Each structure stands twice: as C-alpha cells, then as structure tokens.
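Enquirer: Attaching a single structure in structure tokens format; questions to follow.
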Amino acid sequence: MRLDLFAMALAVGLATWAFRYGPTRLNLSNMAPDSLLNRFLNATGPAAIATLFVASVLPYLEQAGGHEIPLALGTLAVLGGFAWRRSVVIATLCGAVVFGLASALV
Amino acid sequence: MSAPADAPVTATPQPMGFRDGLTAALPIIVGYFPIAFSFGVSATRAGLTGGEAVMLSVVIYAGAAQFLALALVTSGAPLLVSAVTLIAMNLRHLLYGPALLRRAGKEASTRQAWAWAFGLTDEVFGAALGALARGKRFSEPMMFGLGLGAYAAWVSGTAVGALAGGGALAAYPALDAGLGFMLPALFLALLLSVLSRVQIPTIAVAAVATIAGTVWIDGTAGILCGMVAGALTGVLRRPHAS
C-alpha cells in the first residue's frame, strides 16, 4: 500500500465526512440565499461536475474512429434514464448499457 | 411496515427503523454494486493493487471522486493537486445535511449524525429525501440502515472488481466498453440531478474553460480551469438573478 495514496485518500475522506456531517451541526439552512458563501457553495458542485463530465468525455472525442455514435447514444440513454426515474444510478446504468451495446454493434 | 389492526389511527406516521432503511437502500445496492465493480476493475487496470482499490472505497466513499482520483493519480498529477481537486468536487455534500434536516423537521435527532452522515452520498441523500417526501418520518436508525446497505454494496463491489482484475473483461469488449463509460455517465447523471436554470451559466463556463485548459495546457490544468472559472461565475452572478 502506497503511503502517499493512503494519505491523499485520508485527506479527501476526512474532508468529505466533514462536508456531510458539519452542516448538520452548523445549520447552514439559515444562510442568506444571496450571501457570497451560499453562492460559492451552490456554484462549486455544478461547476465541478460539469468540469469532470467534459474532462471524461474529451478522450473519447480525441480518439480516432468509431466512438461518436456510441457516445451520442450513451449520452441520450443517460438523459432518457434520468427523465424516466430521476435516479442517478438508473441513468448511469442506462448510459453504460447502451454505450456498451452500441460499441459492440457499430 | 403496517400498523397492527387494533392500533389507534394517528396522523403522525411511525419513524422508520433500521430495517426500513435497509429496504429503502435496495435500489441503491442494485445500482452501486456494478459501478463499484467497474471502479475495482479500473483501479487494478490503472496499476493499483486490490488493497489500494478497496482502501479508496472504504476511506473516500464517493464514487465520482474515486474515479477522478484514478485519472489524476495515473496521469501523474501531484497528490496535493489531486486532493484539493477531489475535495472541491465533494463540496456539494455540504448542502445535503441541511436540506435533509429541514425536511425532517425540528424534532429530528442528530445525536448520531457524526456516524450516519459518513454515508450521506448523493443517492442516500436522494433516497432519504424521497422517503420523507412520501410522508415517512425521519429517524437515525433509518439513516444507518440506508447508509450501511449502500456502503456494503460499494465496498463489496469494489473488492469483487479488484479481485477480477484489470484484464478480466478482455474477452467481453461490450461489457468493457460499457464499464468504461460508467464515469462520464455518472458525471452526466450527477449534473442532471443538480441542474437548475440559475446554474446554466456556471456549467457552460466550466465546460468551455475545461476544454480550453485541456487543449492549450493539459488535462489537469483543464480540470482546475473549469472548476475555478465555473465557481467564480456562480459567485459573481448578480444576486437578483436567482
């Protein structure tokens, strides 16, 4: 077990736990909607997730040959799965299944 | 759970128990296991040992962040940059506790929140909020049942994937491709779950900055550019825009 990897995991794990537990004590629900901190917290999550989605898709677009159709179908399947059940898990599985099948068939 | 036939009819439902939480976790368990399996396979394929893969699931327990950790570590990003990026990504979890407790009501106990909050993932939060929206009453045992079921599925799925190993799917290219697409699919689904009209400029700026940073510098810089530019867009937006 690499010690540096464990240290990074521990730092991220502790911070994640603090993010999940801390607000149950601090009662951030009383925070003013237009406060700088509230706007920062509201924006950071979507910004991070949008960034990671783009970063994870870019390699498929950069690779030559054959990924466009599975990528388009997989993306549509995620959108459709989410519209259907409003579930992150269901949408993810729909996207993965359709992408896998499309990759095999195209 | 139904009340006994001779029980008095009351307007306030009974608080959910540990077993109710486990039952509510079943859809999450079904979904988490294959995603975690994919993580275990990806981790060993990326050069991590099985023990390191399981350690990431046990300690971090945040799916998208774990997949990103793999990408960052294997791309040679400095561990401090990786840790800061992963922590920034998980900032969204700050909002889950208050949102859940606001729905649970002022009488909701949080004495053991230090323990059950560890398992307050996107899906557990969604399932708990959904149960409360359907008229169920909040309880800490329910949160433990919900969280423990999901956590067990995540860790065991990772372990099975790590045991299968990085080359396990070589004979199954469709399955291999599908599991490889789990990460973008997960990010897109998460994005949909937090999408609102007011966040569209934040998301658009983050996406453009990510592409620009990746094309002009490298992938790690693209991620940092996207997160910083997107968050700043949200902070700088006019208050009355919401």
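Enquirer: Between B:ALA43, B:ALA53, B:ALA64, B:ALA25, which is within 23 Å of B:ALA177 (Cβ to Cβ), within 16 Å of the chain's Cα centre (by Cα), surrounded by 21 or more Cβ atoms within 10 Å (Cβ to Cβ) and not basic (Lys, Arg)?
Expert: Checking each option against the conditions leaves just B:ALA64.
Enquirer: Could you grab me the full set of residues in the range A:1-37 that are among the β-branched types (Val, Ile, Thr) and at pLDDT 90 or above? Talk me through it step by step, then tell me what you get.
Expert: First pass over the range A:1-37, keeping only residues among the β-branched types (Val, Ile, Thr): A:12, A:16, A:24.
Hits for the range A:1-37 are A:VAL12, A:THR16.
Enquirer: Would you mention how many residues in the range B:126-180 are assigned to a loop (DSSP other than H, G, I, E, B) and either in contact with a Cys (Cβ under 7 Å, 6 or more places away or on another chain) or touching a residue at least 12 places away in the same chain (Cβ under 8 Å) (or both)?
Expert: Counting residues in the range B:126-180 that are assigned to a loop (DSSP other than H, G, I, E, B) and either in contact with a Cys (Cβ under 7 Å, 6 or more places away or on another chain) or touching a residue at least 12 places away in the same chain (Cβ under 8 Å) (or both) gives 9.
Enquirer: On to the next question. Name the one entry in A:VAL89, A:VAL12, A:VAL97, A:VAL54 that is within 24 Å of B:PRO201 (Cα to Cα) and at the interface with another protein chain (Cβ under 7 Å from one of its Cβ atoms). Please lay out each step first, then the result.
Expert: On the way: A:VAL89 fails: within 24 Å of B:PRO201 (Cα to Cα); A:VAL12 fails: within 24 Å of B:PRO201 (Cα to Cα); A:VAL97 fails: within 24 Å of B:PRO201 (Cα to Cα).
From the options A:VAL89, A:VAL12, A:VAL97, A:VAL54, the qualifying one is A:VAL54.
Enquirer: Looking at B:SER42, B:SER57, B:SER38, can you tell me which residue is polar (S, T, N, Q), in contact with a Ser or Thr (Cβ under 6 Å, 6 or more places away or on another chain) and either assigned to a helix (DSSP H, G or I) or more than 9 Å from every other protein chain (Cβ to nearest Cβ) (or both)?
Expert: Values: B:SER42 fails: in contact with a Ser or Thr (Cβ under 6 Å, 6 or more places away or on another chain); B:SER38 fails: in contact with a Ser or Thr (Cβ under 6 Å, 6 or more places away or on another chain).
Answer to the selection: B:SER57.
Enquirer: Does the range B:101-124 hold any residues that are of a type outside the set (D, E, K, R), in a helix (DSSP H, G or I) and either within 7 Å of another protein chain (Cβ to nearest Cβ) or more than 16 Å from A:ALA18 (Cβ to Cβ) (or both), and which are they?
Expert: B:LEU101, B:ALA104, B:ALA113, B:TRP114, B:ALA117, B:PHE118, B:VAL124
Enquirer: Give me the pairs: first residue in the range B:196-224 and within 7 Å of chain A (Cβ to nearest Cβ), second residue surrounded by fewer than 17 Cβ atoms within 10 Å (Cβ to Cβ) and of a type in the set (S, T, N, Q), beta-carbon distance under 7 Å, and six or more apart or on different chains, which are they?
Expert: Pairs that qualify, where the first residue is within 7 Å of chain A (Cβ to nearest Cβ) and the partner is surrounded by fewer than 17 Cβ atoms within 10 Å (Cβ to Cβ) and of a type in the set (S, T, N, Q), are B:GLY219/B:SER75.
Enquirer: Can I ask one more? Taking the range A:57-106 on its own, how many of its residues are crowded, with 23+ Cβ neighbours inside 10 Å, among the small types (Gly, Ala, Ser) and within 17 Å of the chain's Cα centre (by Cα)?
Expert: Count: 6.
Enquirer: Confirm whether B:LEU192 is part of a helix (DSSP H, G or I) and in contact with a Leu (Cβ under 9 Å, 6 or more places away or on another chain).
Expert: Against the criterion (part of a helix (DSSP H, G or I) and in contact with a Leu (Cβ under 9 Å, 6 or more places away or on another chain)), B:LEU192 qualifies.
Enquirer: Being under 18 Å from B:ILE35 (Cβ atoms) and out of contact with any Phe, Trp or Tyr (no Cβ under 9 Å at 6 or more places or on another chain): is that true of B:ALA133 here?
Expert: Working: under 18 Å from B:ILE35 (Cβ atoms): no; out of contact with any Phe, Trp or Tyr (no Cβ under 9 Å at 6 or more places or on another chain): yes.
Taking the combined requirement at face value, the residue does not satisfy it.
Enquirer: Can you report the number of residues in the range B:90-136 which are over 21 Å from A:ASN42 (Cβ atoms), basic (Lys, Arg) and buried (at least 17 other Cβ atoms within 10 Å of the Cβ)?
Expert: 1
The values are calculated or read from the model by the stated rules, or taken from the named source; none is laboratory data. Please read all numbers here as calculations on a predicted model, not as lab measurements. As a convention, Cβ positions derive from the backbone with ideal geometry for all residues, glycine included, and neighbour counts pool all protein chains shown.
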